[in-house]
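Written out below as C-alpha cells is the structure these notes cover.
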Amino acid sequence: MDDNARQMLAAVQLAPPSSLLCPDYLYAELTQALPGAEVVPYCARGMLEGALPAMVVVHKGQMRGLGRALLRQILEGMEPVLANPVFVVFRQPQPEAAPLPPEQEAHIGVLREFAAGADTPRRVSGAKRAAIVSAYGVGNVGDDAVSLSGALMAKAVGCTEITYTGPAGRVHDLPDLSLVMVSGGGLIYDRDYQGRPDVENIGNYTTPLAVAREMGIPSAVLGIGVQGIHTALGAAAYRHGLAQADLLTVRDTGDQAVLEQLLGREVPLTADLAFALPSLLPAPAARLHRPLDAKPLAILALAGSMGGFDGMPGGFATFLQRLAMALSRTHEVVLAQHATDDARVYRQVATATGAGLKVLPNMGPERSLEFFRQAELVVTSRYHGLIFGLLAGARVLPIGDGGGKIGRLVAQRLPSLEGHTLFVSGQITESPEAILALPGRADPAEVEACIAAAMANMDLLSGIVR
C-alpha cells in the first residue's frame, strides 16, 4: 500500500461510515478495515438504488466505473474530506465542516472536468473496431476459442478491427469503437474457488457494458455461461451490469433460467460460441491423415479440478495415469493440457507413462481444432474439450456432474451421448477398462444443431452493429 492509499484508508477509518462505495479492487480490504459497514463496490452500485451512501472513495483512474451521472450526483450532494493524486474521499455533508486545504482542493478539478464532459463517438480512421472482453490469453484454450469466435462474428457483421482486451479491458481508451462484446464462456460467477466474493470478476465483465452504454456504443454478451450467482452483491451487480447490454444470449437452458429470473425478462438461448468455429474459420486444406501403421490417436483432456477424488490426495494424477496406461494398449495417447493450472500434473503423468503432451493454450484454438481432427477418441471432462471432440467427429467420452455444464450439454443437446457419458456424483470407483467401454459417437444432426444455434448469435449481432 502506497502513501496515497494509506491516506485514503486513514480518512475512511477516522469516522467509520455506515455505508461506503469503493473501487472493485478495494472491496475486500475495505470490508476488513470497516467491520459493520456496508461496503459496495463500483460494479454493484445498483444496490444503492439511486441513493448516495455515507461515504464514497473515488479513484481518479476509475471514474468510468462510476459513470458521469453518479459522479455528478456525488459532487453535488457530498463533501470531500480528502483529495490526493489518486483518491478523493467524499462523505455526506456535515455541519460546520472545514474546507479542504488548497493543495487538496486542486485534486478535485479532474473529477469536475470528467463529470461535466460528454461522450461522442470517436472516428479517427473510419474503421469499425470491436472490443472483445473475455478471459482471452490467460491460459485456457476454451476461453481463447470463444473469444476467437466472437471476434470472427464481429468481423462478419462489419467490424474491420478487433482488440482483445482480456478481462478488465479499458474499452474507453480504444479509438473507432463500434462494438463492445463480452464473448462467451462461463464468465458469470461471484465467488472464487475458495468461496470468497470475487468482486473483480464481476466488474471485469459488467463495467465495460456500463461504459459502452454511457458512450453510446452497442454492446453484446454472447453465448454466456453462468457458473454461479450466490450473493446479494453478485445478484445486484449482474442485474445492473447485464441490463446495460443491447444483446444478451446464453449457451444452455440452465443459464437461461438463472438470468431470466435475475433480469425479469426473456433471454435468447443460443449455444456456446466455440461450436461456430468451423463455420467461421477457413476450411482446412485437407484432413491430416496418420500413417497407416500408426495406432489410432486418443486424446485425454481432463481437468485437475474435476470431481470424483474427494479425500484422495493425488487421486486425479493416479486416475489420469491409469487411463493413459490402459489406452496405450490400443491407441497412441496424447495428454491435451487445456489450461495452465493443470501443467504440473500433466508433465508428471506424461513422464510416468510416456504419453505425448500438447499444451493447447500455446497452440491456440485453430491449431487445437486441427489436432483434435486427427483423433479417433477424445476422453474429456473439459467443456470445450468435448466441443472440440464433437467438431472433430471423434468418438467421445464426456466425464462430468450430471447437473454441471457437461451434463447439461449432453442432456439438452446431445441425447445420443447419454449412454456414453461417465456421470460423476461421488468418488470415481470404475476401473479404467469399464470407463473406456463407454465412448460413443454423437449423432451428427445433434452436432449440426449446436453449430446452427451458435451461429444464431451472429444473426442477432448484425441487428445492433451500426
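The values are calculated or read from the model by the stated rules, or taken from the named source; none is laboratory data. Keep in mind it's a predicted model, so treat the numbers as computed, not measured. Here the Cβ is made from the backbone with ideal geometry for all residues, glycine too, and neighbour counts use every protein chain on show.
Highlighted here are the helices (runs of 4 or more DSSP H) found entirely within region 367-466 that include at least 3 residues which are in contact with a helix residue (DSSP H, G or I) (Cβ under 6 Å, 6 or more places away or on another chain) and at pLDDT 95 or above: 383-392, 405-413, 444-462. Within region 392-407, the set of residues being closer than 14 Å to GLN227 by Cβ, in contact (Cβ under 8 Å) with a residue 60 or more places away in the chain and surrounded by 18 or more Cβ atoms within 10 Å (Cβ to Cβ) comprises GLY400, LYS405. Among the residues of region 251-277, those identified as assigned to a loop (DSSP other than H, G, I, E, B), of a type in the set (D, E, K, R) and within 17 Å of ALA220 (Cβ to Cβ) are ARG251, ARG265, GLU266, ASP272. Every condition in (1) over 26 Å from PHE114 (Cα atoms); (2) in contact with a Lys or Arg (Cβ under 9 Å, 6 or more places away or on another chain) is met by ASP192 except one, and the failing one is (2).
Every test in (1) at pLDDT below 95; (2) assigned to a loop (DSSP other than H, G, I, E, B); (3) surrounded by fewer than 16 Cβ atoms within 10 Å (Cβ to Cβ) is passed by PRO85 save one, and that test is (1).
Have a look at GLY186, GLY137, GLY150 and point out the one that is within 25 Å of VAL359 (Cβ to Cβ), modelled with pLDDT of 95 or more and in contact with a strand residue (DSSP E or B) (Cβ under 8 Å, 6 or more places away or on another chain). The unique qualifying residue is GLY150.
Only a single item in (1) in a helix (DSSP H, G or I); (2) within 28 Å of TYR238 (Cα to Cα); (3) out of contact with any strand residue (DSSP E or B) (no Cβ under 7 Å at 6 or more places or on another chain); (4) touching a residue at least 12 places away in the same chain (Cβ under 8 Å) is not met by LEU52, and it is number (1).
Out of region 318-330, which residues are aliphatic (A, V, I, L, M) and either surrounded by fewer than 22 Cβ atoms within 10 Å (Cβ to Cβ) or over 21 Å from SER305 (Cβ atoms) (or both)? Explain how you work it out, then say what you get.
Residues of region 318-330 aliphatic (A, V, I, L, M): 320, 323-327.
Result: MET325, ALA326, LEU327.
Name the one entry in VAL110, VAL133 that is in contact (Cβ under 8 Å) with a residue 24 or more places away in the chain and not assigned by TED's automatic domain parsing to the domain that holds TYR25. Walk me through how you get there before you give the answer.
Working: VAL110 fails: not assigned by TED's automatic domain parsing to the domain that holds TYR25.
Exactly one residue qualifies, and that residue is VAL133.
Assigned to a helix (DSSP H, G or I) and either under 14 Å from the mean Cα position of the chain (by Cα) or assigned by TED's automatic domain parsing to the domain that holds TYR42 (or both) - does that describe any residue in region 215-232? Scanning region 215-232 turns up no residue that is assigned to a helix (DSSP H, G or I) and either under 14 Å from the mean Cα position of the chain (by Cα) or assigned by TED's automatic domain parsing to the domain that holds TYR42 (or both).
For every residue, the table says whether it meets (1) within 18 Å of the chain's Cα centre (by Cα); (2) buried (at least 18 other Cβ atoms within 10 Å of the Cβ); (3) of a type in the set (Lys, Arg).
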residue: ALA245; (1), (2), (3): yes, yes, no
residue: ALA257; (1), (2), (3): no, no, no
residue: GLU332; (1), (2), (3): no, yes, no
residue: ALA336; (1), (2), (3): no, yes, no
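Is at least one residue of region 234-250 free of Cβ contacts under 8 Å to residues at least 60 places away in the same chain, closer than 22 Å to ALA151 by Cβ and either among the β-branched types (Val, Ile, Thr) or assigned to a loop (DSSP other than H, G, I, E, B) (or both)? Yes. Looking across region 408-466 at every residue that is surrounded by 17 or more Cβ atoms within 10 Å (Cβ to Cβ) and among the polar types (S, T, N, Q), the one that is nearest to the chain's Cα centre (by Cα) is identified as ASN457. Determine whether region 103-113 contains at least one residue that is farther than 22 Å from LEU222 by Cα, in contact with a strand residue (DSSP E or B) (Cβ under 7 Å, 6 or more places away or on another chain) and among the aliphatic types (A, V, I, L, M). Within region 103-113, one or more residues are farther than 22 Å from LEU222 by Cα, in contact with a strand residue (DSSP E or B) (Cβ under 7 Å, 6 or more places away or on another chain) and among the aliphatic types (A, V, I, L, M). With the structure loaded, tell me whether THR253 is farther than 19 Å from LEU273 by Cα, among the hydroxyl-bearing types (Ser, Thr, Tyr) and surrounded by fewer than 23 Cβ atoms within 10 Å (Cβ to Cβ) or whether it fails that test. When the stated conditions are applied, THR253 does not pass them.
Going by what's in this entry, would VAL57 be described as in a strand (DSSP E or B) and not assigned by TED's automatic domain parsing to the domain that holds VAL171? Let's see the steps before the verdict.
Numbers: in a strand (DSSP E or B): yes; not assigned by TED's automatic domain parsing to the domain that holds VAL171: yes.
Yes, satisfied.
Can you name every residue in region 33-53 that is of a type in the set (Gly, Ala, Ser), surrounded by 18 or more Cβ atoms within 10 Å (Cβ to Cβ) and more than 18 Å from ALA5 (Cβ to Cβ)? ALA44, GLY46 - these are the residues of region 33-53 that are of a type in the set (Gly, Ala, Ser), surrounded by 18 or more Cβ atoms within 10 Å (Cβ to Cβ) and more than 18 Å from ALA5 (Cβ to Cβ).
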